[in-house]
Ligand code: AMP
């Protein structure tokens with residue numbers, strides 16, 4: 001069921017409480033907190049500009065980091081208010097609490113078109129507890145609730161869920177912001193009715209993390225391409241040798257069941273035919289956590305079994321070429337999880353090849369390229385191809401749960417159209 005959108009509402013003169021995702025990376029430099037990446041702030045601008053244009057009184061709620069219910073000065077949202085003012089080209093008021101008399105006075109002082117950012121909601125332990133009294137204090141600040149924080153929509157916290165429920169009970173509208181609306185369009189509608197062939201690419205570390213997504217998408221996909229360490233559990237399930245690679249021995253049955261389901265649904269299911277491997281050699285050093293550091297020596301490609309002393313880190317060039325050819329003929333592609341340990345450039349080529357194939361298919365054939373969050377988004381950004389994808393999700397855990405078909409608390413608290 002489609003969610004009510006901020007577009008559908010008359011908000012002139014109304015107090016609109018907007019939950020945004022301003023959980024930005026910050027760092028202290030010469031005693032000053034600086035924001036290292038403003039992407040999340042920039043992404044809220046369309047919603048905020050629409051609210052300003054409609055003459056709403058916008059009250060922004062967000063969390064930063066994990067202050068665990070304490071006032072941790074380094075996790076204040078004040079620097080975000082300053083950055084937002086710069087990006088909007090207009091003043092953004094800031095109040096050093098998110099509930100209580102100071103917050104209420106700051107909201108009352110707003111005029112039409114004004115914007116106020118509340119202090120970190122996680123300064124109150126009640127936020128993560130989804131405490132109803134705290135949620136009601138937030139609700140007192142709002143005539144309308146808008147959730148634009150898809151990345152936090154899988155959490156049942158007061159500002160993402162409880163406040164919406166209370167406002168609904170008070171008969172006040174709760175709606176999706178423009179960013180949230182886009183997430184629902186691409187991860188929801190577009191995948192429910194994909195342009196065919198619909199190709200699903202799944203990678204990352206573990207089969208167990210992705211199995212629910214695989215299972216659900218096998219009902220819809222025409223082709224599934226597997227990469228990442230997850231592929232080695234499939235290899236093991238088929239009696240192959242995986243050396244020292246990351247495998248989940250107790251999930252070989254899960255892997256075979258997924259292949260069986262694919263077969264019964266006539267979904268083409270592809271596993272890598274070659275692998276980039278390296279030999280881990282103890283460097284004698286330990287990392288910050290006290291664990292031994294291994295040098296990954298002699299990176300090379302193997303077609304079949306992985307030798308006992310070696311470990312797999314990426315799909316090989318033959319697999320990358322085959323996957324790129326399948327992507328070139330796709331109508332819609334959903335990609336979740338890198339093809340290898342892309343953080344190390346020696347093992348990033350498979351992931352980059354997939355990202356390039358997607359960019360090319362999107363440009364040449366109008367393929368809808370949908371990047372389903374988390375590390376695949378990081379990999380596309382790293383390859384500098386982000387602007388060439390149809391859609392990149394802003395969620396990590398939230399995207400995965402949404403793709404698994406789990407109802408997200410942040411969405412359940414929004415009105416249907
Ligand atoms: P996920 O969060 O499940 O999508 O997994 C992403 C992580 O899996 C990334 O940090 C990758 O470095 C890691 N990864 C992918 N392939 C491999 C591999 N072959 N060996 C070790 N780690 C891998």
Can you say whether residue 169 is touching a residue at least 40 places away in the same chain (Cβ under 8 Å) and in the same structural domain as residue 121 (by TED's automatic domain parsing), as far as the supplied structure shows? no
Going by the conditions given, is residue 240 at negative phi, away from the ligand (no atom under 13 Å from the Cβ) and modelled with pLDDT of 95 or more? yes
Would you confirm whether any residue within the range 332-351 is assigned by TED's automatic domain parsing to the domain that holds residue 298, over 24 Å from residue 246 (Cα atoms) and surrounded by fewer than 22 Cβ atoms within 10 Å (Cβ to Cβ)? no
Can you give me the ranges of the strands (runs of 3 or more DSSP E) entirely in the range 1-107 with at least 1 residues that are within 26 Å of the chain's Cα centre (by Cα), within 19 Å of residue 126 (Cα to Cα) and in the same structural domain as residue 159 (by TED's automatic domain parsing)? 15-19, 57-61
Total residues in the range 60-79, condition under 10 Å from residue 117 (Cβ atoms) and crowded, with 20+ Cβ neighbours inside 10 Å: 4
Reported set for the range 243-253 where residues are within 15 Å of the ligand (Cβ to nearest atom) and either closer than 23 Å to residue 329 by Cα or not in a loop (DSSP other than H, G, I, E, B) (or both) is 251
I need a count of the residues in the range 124-150 that are within 24 Å of the chain's Cα centre (by Cα), outside any loop (DSSP other than H, G, I, E, B) and buried (at least 23 other Cβ atoms within 10 Å of the Cβ). 5
Selection within the range 195-237 - in contact with a helix residue (DSSP H, G or I) (Cβ under 8 Å, 6 or more places away or on another chain), within 14 Å of the ligand (Cβ to nearest atom) and assigned to a loop (DSSP other than H, G, I, E, B): 203, 204, 205, 206, 227
Filtered residues of the range 309-331 (kept if part of a loop (DSSP other than H, G, I, E, B) and closer than 16 Å to residue 229 by Cα): 310, 316
In the range 295-312, which residue that is touching a residue at least 60 places away in the same chain (Cβ under 8 Å) and crowded, with 16+ Cβ neighbours inside 10 Å is nearest to the ligand (Cβ to nearest atom)? 312
Residue 373 vs (1) surrounded by fewer than 22 Cβ atoms within 10 Å (Cβ to Cβ); (2) within 15 Å of the chain's Cα centre (by Cα): all pass except (1)
Taking the conditions exactly as written (within 25 Å of residue 13 (Cβ to Cβ), out of contact with any strand residue (DSSP E or B) (no Cβ under 7 Å at 6 or more places or on another chain) and at pLDDT 95 or above), does residue 89 satisfy them or not? yes
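Table: residues versus (1) farther than 24 Å from residue 394 by Cβ; (2) within 11 Å of the ligand (Cβ to nearest atom); (3) in contact (Cβ under 8 Å) with a residue 40 or more places away in the chain.
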position	(1), (2), (3)
319	yes, no, yes
326	yes, no, yes
333	no, no, yes
344	yes, yes, yes
352	no, no, no
364	yes, no, no
377	no, yes, no
How about the range 254-271: which of its residues are more than 18 Å from residue 209 (Cβ to Cβ) and assigned to a loop (DSSP other than H, G, I, E, B)? 265, 266, 267
Condition broken by residue 168, with the remaining ones in (1) at pLDDT below 95; (2) in a helix (DSSP H, G or I) satisfied: (1)
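The values are calculated or read from the model by the stated rules, or taken from the named source; none is laboratory data. Keep in mind the model is a prediction, meaning the values are calculated, not measured. Neighbour counts are summed over all protein chains in view; Cβ atoms, including those assigned to glycine, are modelled from backbone coordinates with ideal geometry.
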